[in-house]
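Please read the structure below before turning to the comments.
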C-alpha cells in the first residue's frame, strides 16, 4: 500500500511538468496516466524479481552412465576322446613283432596295428 501511495505522488508531481509542452491530449494527462498505470501494474505484479545470481539452481541434465553387458559364456562340450591309435612294434632284423621278439638290436619300429587277415575256409 505504501508503494502505491508513492507511485500516485510521483504521477501527480510529473503531470504538471508536461502540461505546458502539450505532451498528450487536453493538457498533457495521457502520458503520465500511462506511466502511472505501468508503475501500478509493476507494483501489483504477483511474482518476485530475483536479481542475478538466482537463488535457485539451474537444472542439471546428466546423461545416464553407459551400461556394458557381456554375453554369457558358452561352454562347449569337450569332444569325445578318440581311442589312442594302437601301435605294434616291429623288429626288422628278427622279422617279428613285440612281445614275440623280446629284444631288437637296431630299435623297434612302430607300425599301425593290423587286424589278422582271415584266410579261405
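The numbers here are math on the coordinates, done by the rules we state, and not lab data. All values derive from a computational prediction rather than experimental measurement. Here the Cβ positions follow ideal geometry from the backbone for every residue, glycine too, while neighbour counts run over all protein chains shown.
Couple of notes before you dig in:
- Mean Cβ neighbour count within 10 Å, used as a protection proxy, ranking 79-85, 101-107 highest first: 101-107, 79-85
- Note on residue 10/residue 63: beta-carbon distance plugged into 1/(1 + (r/R0)^6) with R0 of 41 Å gives a FRET efficiency of 0.20.
- Relative packing of peptides 88-96, 70-78 - highest average C-beta neighbours within 10 Å first: 88-96, 70-78
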